[in-house]
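All remarks here apply to the structure that follows.
The values are calculated or read from the model by the stated rules, or taken from the named source; none is laboratory data. If you're wondering where the values come from, they're calculated on a predicted model, not measured in any experiment. No Cβ is skipped: glycine too gets one built from the backbone with ideal geometry, and neighbour counts run over all protein chains shown. Protein only, heavy atoms only, side chains kept; ligands, DNA and RNA dropped before computing areas. Shrake-Rupley method; radii C 1.70, N 1.55, O 1.52, S 1.80 Å.
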Amino acid sequence: MELLSQAKKWGVRSLLIQGLTFLSVLTSAFMIWKGLSLFTNSESPVVVVLSGSMKPAYDRGDILFLHNGFSPIEVGEVVVYKLNEKPIPIVHRVMKVHTENESGKQYLLTKGDNNSADDRGLYNPGQTWIQRDEIIGRVKGFVPYAGMGTIWMNDYPYLKTVLLGTLCVMSLFGSD
Amino acid sequence: MYNLFQRLGSITSLAMSMFMALLILISATTPFIPSNPTHEVTLHDVKTTTGRMVDPADRTSRSAEYARLTFDLDADLTSMFNWNTKLLFAYITADFESPGFDTNRIVVWDRIIRNTRQAKLRLRKNHNKYFLRNYAKTFENVRNANLTLHINPVPYLGIMYDKSVATIPLDIPRPERRASGA
């Protein structure tokens, strides 16, 4: 197999070095992501908008940059929140804020701009308000349409395998 | 440097770097584009009622007090539209303090303004679009109430800035409890 003979030509050491370079690229990307999460106090500082409930401001496929921080949420801010028992993050605007005196606990109500009703139908049964810790972050910046790739890969899973396959093929034959 | 793939690769990486630089420049300069919006909110009337089932998701709503506002709004927001403005989100909030709660802020009216034709607002005797009630069931002991107009421009690209570009604090004390019923 040409691959094996090529590998033998390079030698074990150079293969190991290549492996190490690859690993260090992966881990530095991971470190940057986690560092950004720490800085913004958000578990996912970059999200892709999945639904059209915030049209015309944010449409499917937009990439949002979030910053959570520690300060209380202000009314009118567009936030991404994830309910405690549901795995999907939702981007909507905060319509009502009630902040308690001593504890600083906040009671928040959200609504999508393109929806006629507020989000109480989306919350957990019996839940009428959401809390500060269910907020992943406030939207601070965005790039339109840049996340369409993620949407396509979610809608058409075979695209993921096609993409991975092409990447593998290109990396195997690309070093000449 | 003669391979097709290498050429495509270097073009793509140059394009990516230029896109990043553009993104940073646009994000940094858009908030500083000057604008001078004019706005005026007049409050005509506030009525508080109870005894209506208004919110199917909130079981306490049947006996809670709901306030109904009547207001006028005059605004000229055309100067807030620059090349990087996708839309303006205008909303009016009612802010007040109540026992146990430092801040209560409730959006009572909002509108999306998509272009300069829609940017001249002239509202007369409008009511609040959204229910206005306290977290507690009554408005008793509510202090420092006012109505604030916020305008939030959403850019085509870049950072969200100036959440409330133009706020007019309007110190209108909300009447505490009027007759319940109609």
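Can you compute the charge dipole magnitude of region B:1-142 about its Cα centre, using +1 on each Lys and Arg Cβ and -1 on each Asp and Glu Cβ, nothing else charged? Give it in debye, rounded to the nearest 20.
Numbers: 18 positive and 13 negative charges, 131 e Å.
Roughly 620 debye for region B:1-142.
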With all protein chains in place and a 1.4 Å probe, A:Phe22 shows an accessible area in Å² (nearest 10) of 130
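Can you give the convex hull volume of the alpha carbon atoms of the protein assembly as shown per residue, in Å³? Write out the running numbers ahead of the final one.
Numbers: hull volume 63.1 nm³, N = 358.
Expressed per residue, the convex hull around the Cα atoms of the protein assembly as shown is 176 Å³.
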By the DSSP-based rule, helices of chain A that are at least 20 Å long along the axis (C-alpha) and have a mean Kyte score of at least -0.5 are A:12-40, A:158-173
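Taking the Cα centre of region A:19-93 as origin, work out the dipole magnitude from +1 charges on Lys and Arg Cβ and -1 charges on Asp and Glu Cβ, in debye rounded to 20.
Computed charge dipole of region A:19-93: roughly 140 debye.
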The set of residues whose placed amide H lies less than 5 Å from the amide H of A:Lys105, leaving out same-chain residues fewer than 5 positions away, is A:Glu100
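For an R0 of 30 angstrom, estimate the FRET efficiency from the Cβ-Cβ distance between A:Glu43 and A:Asp155 and round to the nearest 0.05.
Numbers: r = 24 Å, r/R0 = 0.80.
Taking R0 as 30 Å, the efficiency between A:Glu43 and A:Asp155 is 0.80.
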Only helices counted: for chain A, with every DSSP H run of 4 or more residues adding -39500 (n - 2.57) and the sum spread over all residues, [θ] at 222 nm is -11500 deg cm²/dmol
Against the 2.2 N^0.38 Å rule of thumb, the C-alpha Rg of region A:47-95 sits at a ratio of 1.15
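Compare A:Ile17, A:Ile90 by solvent-accessible area with a 1.4 Å probe and give them largest first, with all protein chains kept in place.
Details: A:Ile17 100, A:Ile90 35 Å².
Descending order: A:Ile17, A:Ile90.
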SASA check, B:His44, accessible area w/ 1.4 Å probe, all protein chains in place, rounded to nearest 10 Å², comes out at 90
Computed over region B:79-167, the Cα gyration tensor eigenvalues, each multiplied by 5 and square-rooted, give semi-axes in Å (largest first) of 30, 15, 9
Candidates A:Arg93, A:Arg60, A:Arg13; GNM for chain A (alpha-carbon contacts under 10 Å) flags as most fluctuating A:Arg13
Simple SL model, points at 7 angstrom along Cα→Cβ for B:Met18 and B:Glu97; separation in nm is 5.6
Taking a crude spin-label model, label points 7 Å out from Cα along the C-beta direction, the B:Arg122 to A:Lys9 distance in nm is 8.0
Put A:Leu167, A:Leu108 in order of accessible area, largest first, probe 1.4 Å, and you get A:Leu167, A:Leu108
